[in-house]
């Protein structure tokens, strides 16, 4: 597949294929930029993924999924999206729906199923807290400091008993 994309892509308007390494022609690169925002890069497009707080229910969120695809000049073939193909010049309407009402594509649907199960697990009587990696611990500490400032508490200085 990598060789075919490298050979056929430029002739189909995707000149940038020659600037990519082999794995970039077939693999997805996923980056979490902040706990609630991520980017997934594919050879034929990219996702912006964001979870926002629900305006009235703290037990829910609004999950935004944007898919952007290149539109090389002169190319008329269908554009791949997360849940199928659309005409290249199609106007894609903004949609809002509840989880399970329709598909967002196999991968996103699987991720969302995991999110729901994780949220339910956090309400289990057996749940005693998360095990965090070093980077995650730093993010937790950042939020603790933000909470301290919001509540008017002055955080302790690291390595001292001073507040």
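The values are calculated or read from the model by the stated rules, or taken from the named source; none is laboratory data. Worth saying up front: this structure is predicted, and the values here are computed from it rather than measured. No Cβ is skipped: glycine too gets one built from the backbone with ideal geometry, and neighbour counts run over all protein chains shown.
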Number of the condition not met by residue 52 [criteria: (1) in contact (Cβ under 8 Å) with a residue 12 or more places away in the chain; (2) part of a loop (DSSP other than H, G, I, E, B); (3) surrounded by fewer than 13 Cβ atoms within 10 Å (Cβ to Cβ)]: (2)
Residue identified as closer than 25 Å to residue 34 by Cβ and either in the same structural domain as residue 46 (by TED's automatic domain parsing) or touching a residue at least 40 places away in the same chain (Cβ under 8 Å) (or both) among 112, 142: 112
Lone qualifier among 159, 129, 105 - being modelled with pLDDT under 85 and more than 30 Å from residue 57 (Cα to Cα): 159
Checking residue 70 against (1) assigned by TED's automatic domain parsing to the domain that holds residue 34; (2) within 19 Å of residue 29 (Cα to Cα); (3) surrounded by fewer than 11 Cβ atoms within 10 Å (Cβ to Cβ), the condition it does not meet: (3)
Among (1) over 10 Å from the mean Cα position of the chain (by Cα); (2) modelled with pLDDT of 90 or more; (3) more than 22 Å from residue 122 (Cβ to Cβ), the one test that residue 67 misses: (2)
